[in-house]
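Below: one structure, written as structure tokens.
The values are calculated or read from the model by the stated rules, or taken from the named source; none is laboratory data. Since we're looking at a predicted model, the values are computed, not measured. Note that we place each Cβ from the backbone using ideal geometry, even for glycine, and neighbour counts take in every protein chain shown.
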């Protein structure tokens, strides 16, 4: 869920696919709707925090933490050890720092000293996005080389955010074979067939946002496809 001003940016309408249900933009109630039938992780993005460079929606995160008993993964404005501490104090279980941390290995080490295995790095796997990033090196790294660098620094979790692109299953399967890290997939053009493909590629987890929140994808069927 993307959180802005304490509310979800996308209104979840339970039963939207059948035209039933009541709209809600309260992240705590929405998280409860997905935790009850089997969600093993709730992924939250502090949109205001991403712009401010520090966590902003801590009260909303705390409300989610009090309502559900599943781990909470928080992204957005986390860069820096003090921000990691704020996220954990609010109730987050895991934090996601951005691809920019590959340019700041000392800061990443400080974050890892606080979070350990509860820290993930978010990467954009699209080659054109990696090539366009302002790297502090002579040439942009490949996705697999970048992932390997992060693992060597102590990162054990990667979150690959695809935007609206369909995940490259062959590339992801190669990463799962060669990178010593758990890989999560977020975003992208996802349907039940692609969920099965990601499962078969040995991806550790799939983060589903808008398809679930809009009712375009049935949660029970998605869980079945991922099993």
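Of all residues being in contact (Cβ under 8 Å) with a residue 40 or more places away in the chain and not in a loop (DSSP other than H, G, I, E, B) in the stretch 54-71, which is surrounded by the fewest Cβ atoms within 10 Å (Cβ to Cβ)? Just the residue, please. Write out each step before concluding.
So in the stretch 54-71, the residues in contact (Cβ under 8 Å) with a residue 40 or more places away in the chain come out as 57, 59-61, 68.
Still in the list and also not in a loop (DSSP other than H, G, I, E, B): 59-61.
On the way: 59: 9, 60: 23, 61: 27.
The extreme case among them is 59.
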Exercise for review: Determine, yes or no, whether residue 116 is more than 15 Å from the chain's Cα centre (by Cα) and farther than 18 Å from residue 97 by Cα.
Suggested key: no
Being on the phi < 0 side of the Ramachandran plot and crowded, with 18+ Cβ neighbours inside 10 Å narrows 188, 164, 122 down to just 122
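Just to be sure, is residue 38 at pLDDT below 95 and assigned to a loop (DSSP other than H, G, I, E, B)? Before the answer, list the steps.
Details: at pLDDT below 95: yes; assigned to a loop (DSSP other than H, G, I, E, B): yes.
It is true that residue 38 is at pLDDT below 95 and assigned to a loop (DSSP other than H, G, I, E, B).
If we scan the stretch 187-197, do we find a residue that is without any contact (Cβ under 8 Å) to a residue 40 or more places away in the chain and under 13 Å from the mean Cα position of the chain (by Cα)? Before the answer, list the steps.
First, the residues of the stretch 187-197 that are without any contact (Cβ under 8 Å) to a residue 40 or more places away in the chain: 187-197.
If we keep only those that are under 13 Å from the mean Cα position of the chain (by Cα) too, we end up with 187-188.
Yes, because at least one residue in the stretch 187-197 is without any contact (Cβ under 8 Å) to a residue 40 or more places away in the chain and under 13 Å from the mean Cα position of the chain (by Cα).
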When restricted to 159, 155, the only residue surrounded by 14 or more Cβ atoms within 10 Å (Cβ to Cβ), within 18 Å of the chain's Cα centre (by Cα), more than 30 Å from residue 220 (Cα to Cα) and modelled with pLDDT of 95 or more is 155
So is residue 51 in a helix (DSSP H, G or I), surrounded by fewer than 19 Cβ atoms within 10 Å (Cβ to Cβ) and at pLDDT 95 or above or not? yes
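Just to be sure, is residue 215 assigned to a loop (DSSP other than H, G, I, E, B) and more than 18 Å from the chain's Cα centre (by Cα)?
The answer is yes for residue 215.
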Those residues of the stretch 118-132 which are modelled with pLDDT under 95 and either assigned to a helix (DSSP H, G or I) or farther than 24 Å from residue 178 by Cα (or both) amount to 127, 128, 129, 130, 131, 132
